[in-house]
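The values are calculated or read from the model by the stated rules, or taken from the named source; none is laboratory data. This structure is a prediction, so every number in the text was calculated from the model and none was measured. Virtual Cβ from ideal backbone geometry, glycine too; neighbours counted across all protein chains shown. To get the accessible areas, we keep the full protein, side chains included, count just its heavy atoms, and leave off ligands, DNA and RNA. Shrake-Rupley method; radii C 1.70, N 1.55, O 1.52, S 1.80 Å.
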Amino acid sequence: MAREAFYITTPIYYPNDRPHIGHAYTTVLADVLARWNRLLGKDVFFLTGTDEHGLKLQRTAEKHGVSPKEFVDKMSAIFKSYWEKLQISYNRFIRTTDPDHVETVKLALSKIYSKGLIYKGVYKGWYCTSCEKFYSEGEYIEKDGVKLCPLHLKPLEWVEEESYFLKLSEYEDTVVRALESGIVYPPQYAREVLGRIRKEGLRDVSITRPKERVYWGIEAPWDKSHTIYVWVDALLNYLTAIGYGRDEDRFKRYWSVVHHVIGKDILWFHTALWFAILAMLELPPPRRLLVHGFILCRGVKMSKTIGNIVSIDDLLETYGSSDAVRYLLARFSTFEKDMDYDPDLFRNAYNAELADTYGNLVRRVGVLVRRKLGGVLRRREVDEELARVADEVKHDTMKLMDRYRVSEALVRIFDLLREANAYLNRKEPWRAEDPEPILYNAMEAVRVATNMLAAFMPSTAARLADVYGFRLLGLEELVFGSWESYRVKEAPILFKKLRA
Ligand code: MSP
């Protein structure tokens, strides 16, 4: 039987600068979900990449004195290198300058154009280049008579030019229906967009730019003097990567199970604009849109323009490993709310959870198996109580992950580790005449937890499996008390304690 498919995407990021922890947050969350679904045995396709066209990139490249292509080549490689450091297990890294993407954009837009859903007009409005977005009255803020972007606090530019428009207004009902169908998680974000549509309606949007102003983009197939608006170009990446217009079977297989992970800043584009474009292409809306809040730094969204960025390198250095960084980002993730990056909170969780609960348990069990049993631990009678906890934890974790409760799932896995620590304290294998059954059960708890944690901390899981002599399994096969024998080569200190 064909394996169930699972398609997961991150936003494709603007490579105008190196990624920061805001980008890492989304990407790690998506990676955790991708890896988790692989553990469930699914055929996962995980997509990330860079959004390389548009005025922002054009200007940044000009500022650096290089061509946009040279600039994005260099920057997209930097994104890749960070995702490597963070062990992001993507199946494709898409770039909107990739030839298959350019082709997809032309194909999709020609289709929409031929349906009469695109017309010529004049656009007038206030534009923020950092957002690549027009702001209407009520959306921007005004200070000393200057109109400012509400996110970047930078002056908006007045733009008045010929443009082609997409008839979004004809798709209001379709978009509303999709929003009401429960695909947006958490539902508060669907309500937010619905509220806005009710208030303003769905207006037609400008989807091209005159080439003389924005040359760095994909040419409109019906008018060579225009380039496609970067957001329309970018959204279509989700179709390119799974073979839209080239491989129908593959496309259908993955499109039916697509999960987009995004930050709430790009919610409007991923609902109003995206759902309408999909309907124009006669495609169903995504299966799920997973929306998370911002990482704030002292109460303000982290962004280069504002200058309050915590870098990925800072985090890697502070917490010592990419697994620790991944753990902490997932541990404090919230979809409903913003999260304020608090170094004390992160350090305390690192010390209490990773170093003490997990690290100590692993080390204690390993040291005792080596000291008491010469490193060889065989299967012995199962402790019913610990086995029950392990089963319950696994069951609950699967349910939580199925509902994208990533942080709660992590906490639940740690319940098993806490329980195993308590079990060791109670049973005192260091005093026991026959310590093997106690150590076997404690080790089984380590194995079951570690195997689930492989989605969050893949290096740690692989390393432990190697030095303790077990194999990481699919979740279906993962049963407490079923591993035959362990060979402990060394008892590692997984996470060194951090000082304040
Ligand atoms: N290029 C567009 C996305 C196109 S997708 C078809 C874009 N790029 S971006 O580089 O600005 O990245 C935005 C995304 O990065 C957010 O939606 C979010 O996922 C992540 N984050 C960037 N800063 C963030 C925070 N401070 N906090 C949390 N996530 C943030 O928009």
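Consider segment 287-297. How many of its residues are more than 12 Å from the ligand (Cβ to nearest atom) and not charged (D, E, K, R)?
Of the residues in that region, 0 qualify.
So which residues in segment 243-264 are within 11 Å of the ligand (Cβ to nearest atom) and either open to solvent by less than 10 Å² (accessible area, probe 1.4 Å) or in contact with an Asp or Glu (Cβ under 8 Å, 6 or more places away or on another chain) (or both)?
Across segment 243-264, the qualifying residues are His260, Val261, Ile262, Gly263.
Between a first residue in segment 360-386 that is within 13 Å of Lys427 (Cβ to Cβ) and a second residue that is of a type in the set (Phe, Trp, Tyr) and open to solvent by less than 50 Å² (accessible area, probe 1.4 Å), which pairs have beta carbons less than 7 Å apart while being 6 or more apart in sequence or on different chains?
Hits for this filter: Arg380/Tyr440; Leu386/Tyr423.
Under 7 Å between Cβ atoms, which residue pairs at least 6 apart in sequence (or on different chains) link something in segment 233-261 that is among the hydroxyl-bearing types (Ser, Thr, Tyr) with a partner that is within 16 Å of the ligand (Cβ to nearest atom) and part of a loop (DSSP other than H, G, I, E, B)?
Partner pairs satisfying both residue conditions: Tyr254/Ile242.
Taking segment 219-232 as the search range and keeping residues that are surrounded by fewer than 24 Cβ atoms within 10 Å (Cβ to Cβ) and assigned to a loop (DSSP other than H, G, I, E, B), which one is farthest from the ligand (Cβ to nearest atom)?
Among them, the one singled out is Trp222.
Report every pair of residues separated by at least 6 positions or lying on different chains whose Cβ atoms are under 6 Å apart, first residue within segment 265-279 and within 11 Å of the ligand (Cβ to nearest atom) and modelled with pLDDT of 95 or more, second β-branched (Val, Ile, Thr) and open to solvent by less than 10 Å² (accessible area, probe 1.4 Å).
From residues that are within 11 Å of the ligand (Cβ to nearest atom) and modelled with pLDDT of 95 or more, the pairs are Leu267/Val291; His270/Ile262.
Can you work out which of the residues in segment 448-491 that are under 20 Å from Leu316 (Cα atoms) and open to solvent by less than 10 Å² (accessible area, probe 1.4 Å) is farthest from the chain's Cα centre (by Cα)? Working first, answer last.
Our first condition is that a residue be under 20 Å from Leu316 (Cα atoms); within segment 448-491, this holds for 453-463.
This time we only want the ones that are open to solvent by less than 10 Å² (accessible area, probe 1.4 Å), so: 453, 455-457, 461.
Numbers: Leu453: 17, Ala455: 13, Phe456: 12, Met457: 15, Ala461: 20 Å.
Looking at residues that are under 20 Å from Leu316 (Cα atoms) and open to solvent by less than 10 Å² (accessible area, probe 1.4 Å), I get Ala461.
Quick check on this structure: which one of Glu212, Glu200 is open to solvent by 40 Å² or more (accessible area, probe 1.4 Å), more than 22 Å from the chain's Cα centre (by Cα) and under 25 Å from Glu62 (Cβ atoms)?
Testing whether each residue is open to solvent by 40 Å² or more (accessible area, probe 1.4 Å), more than 22 Å from the chain's Cα centre (by Cα) and under 25 Å from Glu62 (Cβ atoms) leaves just Glu212.
How many residues are aromatic (Phe, Trp, Tyr) and closer than 15 Å to Asn91 by Cα when one looks only at segment 20-43?
Count: 1.
What do you reckon, is Gly374 surrounded by fewer than 21 Cβ atoms within 10 Å (Cβ to Cβ), under 25 Å from Ile493 (Cβ atoms) and at pLDDT 95 or above?
Criteria met by Gly374.
Considering only segment 1-118, give the helices (runs of 4 or more DSSP H) lying wholly within it that have at least 1 residues that are of a type in the set (S, T, N, Q) and more than 16 Å from the ligand (Cβ to nearest atom).
Correct list: 21-39, 68-85, 99-114.
Those residues that are out of contact with any helix residue (DSSP H, G or I) (no Cβ under 7 Å at 6 or more places or on another chain) and either at pLDDT below 95 or not β-branched (Val, Ile, Thr) (or both), I need them from segment 91-107; list them, please.
Asn91, Arg92, Asp98, Pro99, Glu103, Lys106, Leu107 - these are the residues of segment 91-107 that are out of contact with any helix residue (DSSP H, G or I) (no Cβ under 7 Å at 6 or more places or on another chain) and either at pLDDT below 95 or not β-branched (Val, Ile, Thr) (or both).
Looking only at segment 131-150, which residues are surrounded by 17 or more Cβ atoms within 10 Å (Cβ to Cβ) and either at pLDDT below 90 or within 16 Å of the ligand (Cβ to nearest atom) (or both)?
Cys131, Glu132, Lys133, Phe134, Tyr135, Cys149, listed by residue number.
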